[in-house]
1. Placing unit charges on C-beta atoms (Lys and Arg positive, Asp and Glu negative, everything else neutral), compute the dipole magnitude of region 510-579 about its Cα centre in debye, rounded to 20.
2. Please give every one of the lysines within straight-line cross-link reach of Lys458, meaning a C-alpha to C-alpha distance under 21 Å, and leave out same-chain neighbours fewer than 8 residues apart.
3. Where nothing but the Cβ of Lys and Arg (+1) and of Asp and Glu (-1) is charged, how large is the charge dipole of the chain around its Cα centre, in debye to the nearest 20?
4. Rounded to the nearest 20 debye, what is the charge dipole size of region 6-144 about its Cα centre when +1 sits on each Lys and Arg Cβ and -1 on each Asp and Glu Cβ?
5. Cβ neighbours within 10 Å, averaged per peptide: list 494-503, 46-55, 274-283 in order, most packed at the top.
6. I'd like the Kirkwood hydrodynamic radius of region 187-248, using the inverse of the mean 1/r over distinct C-alpha pairs, in Å.
7. Placing +1 on the Cβ of each Lys and Arg and -1 on the Cβ of each Asp and Glu in the chain, which of Leu328, Ser66, Val620 has its Cα farthest towards the positive end of the resulting dipole?
8. Go through 504-510, 226-232 and give me the packing order, highest mean Cβ count within 10 Å leading.
Amino acid sequence: MSATESLHPCSEYTTQDRTAVIAMRNPPVNGLGLALRSSIIAGIERAIADPAIDAIVLIGSDKAFSGGADIKEFGSPLAFAEPNLPTVIEAIERSRKPVIAAISGACMGGGLELALGCHFRIALADAQIALPEVKLGLLPGAGGTQRLPRLVGVKMALDLIVTGNTVPAKLLAGTALFDQVVGGDLAHAAIAFATRVVAEGWALKRARDQVIDDPDAQSAIQAARASVAAAAGPFPAPGKCIDVVEAGLASFDAGIGHERAAFVELLQSPESRALRHVFLGERAATRIDDVPESTATRPILRVGVIGAGTMGGGIAMNFVNAGIPVRLLETSPAALERGLATIARNYQGALKKGKLSQEDFDRRMAAIEPTLSYDDLADVDLVIEAVYEDLEVKRTVFGELDRVAKLGAILATNTSTLDVDRIAAFTGRPQDVVGLHFFSPANVMRLLEVVRGAKTGKDVLATVMKLAKAIKKLPVVSGVCDGFIGNRMINQYSAQAMQLIEEGALPTQVDRVLENFGFAMGPFRMSDLAGGDIGWAIRKRQYAENPSMRREVIADRLAELGRYGQKTGKGWYNYVSGDRSAHPAPEVDALIGAMRVADGTRVREIPDAEIRDRLVYALVNEGARILAEGIAQRASDIDMVYLNGYGFPLHRGGPMLYADEIGLANVATRMREFAALPGADTTFWQPAPLLARLAESGGRFNA
């Protein structure tokens, strides 16, 4: 092979015999940004103009042929600047010399569309193939919906396009998508294939010229429509994918026209904006503004967990699932035995469903070492306490940890509301203390609030952010305040829900409105799931700390009656053993009515729209305060917390993006309307300074 020549920092051009090799070099996944697109065009044109070249190979790296659009250009004009991806593909199709895509690693989205535009394709068996645009509320916009059905058939193409799922190349080896599926040296195999194509005079194949002759095409489309109707929910993209595939059955040109129109329509849809916001927001959440990516991390080879209850057991499962052994501490043999039994029961459920092998079950259970002694935590690298939410209990735990833990061990609290700085002060090493607030059930919920104390070391933060990825959590950093990001906001949301009950709504109406909006469950069903005793304990602490705080008298009365929710079979709703469904509780409605009378409340009929806006805008207003105080680094972090921990509807992108979409001036105006209602808390409905300022200037939280 000749010496490597750089066409551009994004690619390399080399030749071997009479084949030109254009190697894409835009790490980490060869995102198809403007520079790379331009260099591909330049390489194609150079090879076509060179009489010493007979064929062209387009290849990526071991990690990726191309992962699609360049995230650095996501949502910017550069993403569509010429040469755009359709222009690049058209240049390849026009080439009078064969262009062979040599595929390894990720070949996804625009990367797969680029390969589909080549005359031939050769792939490693483990290359990963996908058109995942639907997961961003879009559809393939560079011919993927038209070329793929012509190569793999309508049914298989629909399966890939509508779901966005990834499959290995070897599963598509029997289709016209790949001319060869190989092992070993891909570049060598691709050059040999190119030489053969030229020597044997193979006709150049363009997928766009293939006729779809599939007698089962319409039945596949009907089946896909039925599946989408059941699963797509509020998202329009899956249905649009089917429409454009169907439009192309008779004619590629007709189909490509429908594809481009549908892509533009979806690009402008609020659902796609929400999903793209989530895509970028999740990546932003993993970055801490003043903690460089180069910050050294501490090795975490063994973890200690204190408390084998529901939360502690779930936390322990996260680590053993990732291959990190755990020492699980309890105060009594009975509590320890119960905790281990619960963990085993959770794993047995996965075993019965075929999601876990017996070998994995045995290995994970063996990785949990039970203990009754703090001394057994002396050699762990990280210890997480998941004990009762009481500051004095935490004082005892962290005093013991300060005594036994080795130097450099990270000491973490799973507190959901308490002051992490006060907890850190119970030790002589506050730089090693951090909050790791898992959400229940901890082995299922993806969100992890990482609470940064005033003295938490940067290396501690870097370590736990890296560790979160290893245990498949989405970490979001919060500063220290009562409730951090999520629970501080939910307190305002819950307060409005209670206020609405006092004014005339009933729990069933409030929950119905919020669930119609898209929440996984309304505030009263959520309270019953979490446990009314937890909120009651938090409120009693808050009442003691702030005697002037407004009492939630109805919720307090239910707690006094022992109506804690699902765990007791009675809460805001009634529950039947073995059934998590919420059943109406006439006795609760009667209690609400009696307390209204006793309080002299003037009851009114409350419109659904008012319920929706008061609850959601309560979140938004508190979120604005959290953002201004620096408790959250960015508005999208707040959205990631609410999407992943509190059931906020995905298609709305989180409370802060939802407010941006409504228009912050409209939000502020609506809040002032609520302040003017009879008996309203005018202080509560005063727009936060940041919200008021952005509303006046036409700004957005997510700039």
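1. Values: 11 positive and 9 negative charges, 38 e Å.
Approximately 180 debye in magnitude.
2. Output for Lys458: Lys406, Lys466, Lys469, Lys473.
3. 240
4. 40
5. On the way: 494-503: 21.3, 46-55: 15.3, 274-283: 19.8.
Ranked from most to least packed, the peptides come out as 494-503, 274-283, 46-55.
6. Numbers: mean 1/r = 0.0662 Å⁻¹.
Computed over region 187-248, the radius equals 15.1 Å.
7. Leu328
8. On the way: 504-510: 20.7, 226-232: 13.1.
The peptides rank, most packed first, as 504-510, 226-232.
The values are calculated or read from the model by the stated rules, or taken from the named source; none is laboratory data. Keep in mind the model is a prediction, meaning the values are calculated, not measured. Here the Cβ is made from the backbone with ideal geometry for all residues, glycine too, and neighbour counts use every protein chain on show. Surface areas here come from the heavy atoms of the whole protein model, side chains and all, with no ligands, DNA or RNA. Shrake-Rupley method; radii C 1.70, N 1.55, O 1.52, S 1.80 Å.
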